[in-house]
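Just so it is clear, none of the values below were taken in a lab; they were calculated from the coordinates. All values reported here derive from a predicted model rather than from experimental measurement. Positions of Cβ are backbone-derived with ideal geometry, glycine not excepted, and every protein chain shown enters the neighbour counts.
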Amino acid sequence: MAHRDRRRVGWLAARHADVHLVTAPPVPIRARDVSDSAVVNEIGPYHSIIANADVVTTTTGKVRGDSLNGIFEMRPAGGGNVIMSGNFRSKRVVP
């Protein structure tokens, strides 16, 4: 099911957005809270092309076995209301 979701998101992104390669500075990622079963990261500030603003994104995920699943919220870098939010799912792979 996850594979199907990725294709749908890729199709939507390609259909509704102009894709450009950009050179951007590194984006800071800070681990705000880590335990044996959860992790909270703060990403940014960075310039979001989609939001057309400088933003900070917070992710909150639960670790279960070889998976990390959770939610994210994007807010203006200076503070304020949520611009975008959603879910993420990831699974550890062996190289």
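Residue-wise HN-Hα couplings along segment 48-61, as the Karplus relation 6.51 cos²θ - 1.76 cosθ + 1.60 with θ = phi - 60° gives them from phi, are 8, 5, 5, 7, 6, 7, 7, 9, 10, 10, 10, 10, 10, x Hz; Gly and Pro carry x.
The local environment of Thr59, defined by Cβ-Cβ distances under 13 Å, has a net charge of +2 under the rule Lys, Arg +1 and Asp, Glu -1.
Working ranking of peptides 70-77, 25-32, 54-61 by packing, defined as the average number of other Cβ atoms within 10 Å per residue, highest first, is 54-61, 70-77, 25-32. Stretching the chain fully between Met84 and Val39 yields a gain of 14.2 nm (0.36 nm per residue, less the alpha carbon separation). FRET efficiency for the pair Asp66 and Thr23, taken as 1/(1 + (r/R0)^6) with r the Cβ-Cβ distance and R0 = 25 Å, rounds to 0.15.
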